[in-house]
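Asker: Input: one structure, supplied below.
What follows is calculated from the coordinates using simple rules that are stated; it is not laboratory data. Treat the numbers as computed from the prediction; the structure is a model and nothing was measured. A quick note on method: Cβ atoms are made from the backbone with ideal geometry, for glycine too, and the neighbour counts reach across all protein chains shown.
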């Protein structure tokens with residue numbers, strides 16, 4: 001092996017491994033966070049796209065990204081059905097609850113017949129929820145070892161029995177009867193929102209305007225706007241992701257800088273020899289940069305592998321969905337490589353400017 | 001024979017704290033092409049300083065050095081590095097091989113630094129044969145004896161056909177048997193390739209291998 005770059009890495013395997021791991025962690029962090037944000041966003045959009053209702057009628061502030069309240073009277077269902085252009089209306093309670101240490105989950109309370117008819121949802125196994133402790137779940141949730149007849153914990157102390165499995169997936173993965181959820185929340189005759197289906201979808205704007213005029217003070221929203229990308233609907237998420245990417249870049253650069261700084265201190269004498277042999281400043285800088293780039297590249301590969309393994313493990317353990325996009329993978333790659341190159345530049349420039357006689361006499 | 005190295009009135013003063021310490025006090029020297037010159041003198045007389053000046057590793061406080069027609073003292077730092085790369089080969093007392101590279105890797109590194117398509121396997125084989133290192137090419141320095149390491153260092157210094165080889169006590173770390181082998185190699189290089197060599201030594205036996213001896217004392221040639 002006559003490559004000084006490769007042989008230097010092999011000569012100090014532990015330090016090389018730690019440096020590679022440092023870069024890998026930065027890259028994996030970017031991939032995992034962005035993969036999670038994209039995965040969850042796409043999952044939410046996919047589930048939302050299966051809602052056939054064109055309009056959501058709710059109270060202002062009653063529904064957020066991770067919270068909701070049941071403060072809308074179900075009396076509006078009848079009133080909305082009387083509005084010109086409305087085909088049907090069905091009430092829903094969306095309830096967010098803490099799901100262990102991993103965050104929040106949600107359950108919908110629905111009037112199954114009207115809800116499933118409006119949104120073309122079929123029960124592919126079992127039957128609709130009838131008893132207060134019965135739920136129906138979608139295929140994704142069922143695939144996590146929850147067949148019909150099994151019990152699972154949703155919220156509260158009790159267990160719920162899976163009465164049926166429905167498709168396609170839509171809204172919360174678990175649904176119970178509206179009445180059961182109203183009783184549990186002590187919110188009789190209340191719901192979170194009402195799905196409104198119009199007779200002619202091209203009239204939805206006019207219908208929404210009529211609803212707004214008839215019942216002012218409430219919130220009338222097209223479903224297509226409500227279920228926009230999570231990244232745009234959660235304030236600050238894109239800023240958070242960018243800050244994270246920046247931090248990962250800084251971590252990568254610092255790890256490589258520290259590694260190369262230590263390497264160069266140890267190899268001061270060798271740099272003196274290179275200078276005595278006539279190596280130019282550019283040659284010395286390029287050798288050190290090549291070593292840093294090799295560390296970064298290996299860190300990059302390790303980071304991708306780490307991210308995929310972590311994503312798989314987290315998905316298995318929690319059901320969270322990851323989607324590793326090509327754009328963010330490219331960003332992570334650039335961060336790893338540029339961070340390494342930038343981090344190595346100062347030690348490289350310092351080495352290139354060493355006095356050759358002083359370097360040769362370094363012990 | 002043409003003059004390959006000429007040094008005029010070289011002075012070098014080191015600044016140590018607030019004190020000026022003169023190391024060379026007006027040294028003039030001319031070396032002809034193909035000469036094997038030894039520099040002797042007590043420790044601290046300025047031998048190493050002179051070698052570093054001649055190799056462009058240091059700049060003189062005063063005076064002029066011309067190597068193979070190129071003025072080293074008038075050159076910028078980058079130009080001096082370039083002259084060193086093209087015209088000078090160094091051999092050190094402590095061998096100074098790259099420990100992570102094999103013997104061949106050390107030679108190829110010198111070729112890469114030299115550039116200009118300097119990868120010349122014929123030249124490399126010729127040098128290695130002459131230094132009897134053919135079967136040591138894939139050994140790393142720590143797998144070689146001191147004499148073998150110094151021969152690799154010598155091979156590295158001459159592989160790019162430098163105008164001058166500057167050797168700083170090349171036998172200083174070797175036992176007498178290995179010293180004799182290395183000195184024999186220096187003589188052979190000088191005889192067969194007409195290689196110009198300037199060698200610092202304390203060893204009278206090593207000095208005996210040289211065609212001309214320069215004695216130094218207190219920063220002067222005596």
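Asker: Considering chain A as a Gaussian network with a 10 Å cut-off on Cα pairs, which listed residue, A:29, A:21, A:309, attains the greatest mean-square fluctuation?
Answerer: A:309
Asker: Among A:112, A:327, which comes first, second and so on when ranked by fewest other beta-carbon atoms within 10 Å?
Answerer: A:327, A:112
Asker: How large are Rg and Dmax for the range A:52-226 when only the alpha carbon atoms are used, in Å?
Answerer: 16.1, 48
Asker: Please arrange B:142, B:101 by counting, for each residue, the other beta carbons lying within 10 Å of its beta carbon, fewest first.
Answerer: Sorted ascending by nearby Cβ count, the order is B:142, B:101.
Asker: Another question, if that's okay. Of B:135, B:168, B:191, which has the largest mean-square fluctuation in a 10 Å C-alpha GNM of chain B?
Answerer: Judging by the Gaussian network model, the answer is B:135.
Asker: Hey, another quick one. Which of A:92, B:27 has the fewest other C-beta atoms within 10 Å, and how do the rest follow up to the most?
Answerer: The order, fewest Cβ neighbours first, is B:27, A:92.
Asker: Does the range A:46-130 classify as rounded, prolate or oblate by the C-alpha gyration tensor (a ≥ b ≥ c root eigenvalues; a/c under 1.5 gives rounded; else a/b over b/c gives prolate, otherwise oblate)?
Answerer: oblate
Asker: Here's a follow-up. Can you give me the orientation-averaged projected area of the convex hull built on the Cα atoms of chain A, in nm²?
Answerer: Over all viewing directions, chain A projects a mean Cα-hull area of 23.7 nm².
Asker: Given Cα positions, please report Rg to Rh for the range B:3-221, the hydrodynamic radius being the Kirkwood one.
Answerer: Rg/Rh for the range B:3-221 comes to 0.96.
Asker: Largest first and in whole Å, what are the equivalent-ellipsoid semi-axes of the range A:91-176 based on the Cα gyration tensor, each being the root of 5 times an eigenvalue?
Answerer: 19, 15, 12
Asker: As an exercise, find the ratio Rg/Rh for the range B:168-222 from alpha-carbon atoms, using the Kirkwood inverse-distance average for Rh.
Answerer: 0.99
Asker: Then there is this: Mind checking the full-extension length gain between residue A:14 and residue A:150? Use 0.36 nm per residue of separation minus the Cα-Cα distance, one decimal, nm.
Answerer: Additional length available on full extension: 43.9 nm.
Asker: Right, something else. Computed over the Cα atoms, what is the radius of gyration of the range B:1-115 divided by 2.2 N^0.38 Å, N being its residue count?
Answerer: So the range B:1-115 has a normalised radius of gyration of 1.17.
Asker: Taking 2.2 N^0.38 Å as the expected size of a compact globular protein, what ratio does the Cα radius of gyration of the range A:237-313 give against it, to two decimals?
Answerer: Compactness ratio reported: 1.48.
Asker: What does DSSP give for the protein assembly as shown in terms of the percent of beta bridges that are antiparallel, rounded to the nearest 5?
Answerer: Among the beta bridges of the protein assembly as shown, antiparallel pairing accounts for roughly 65 percent.
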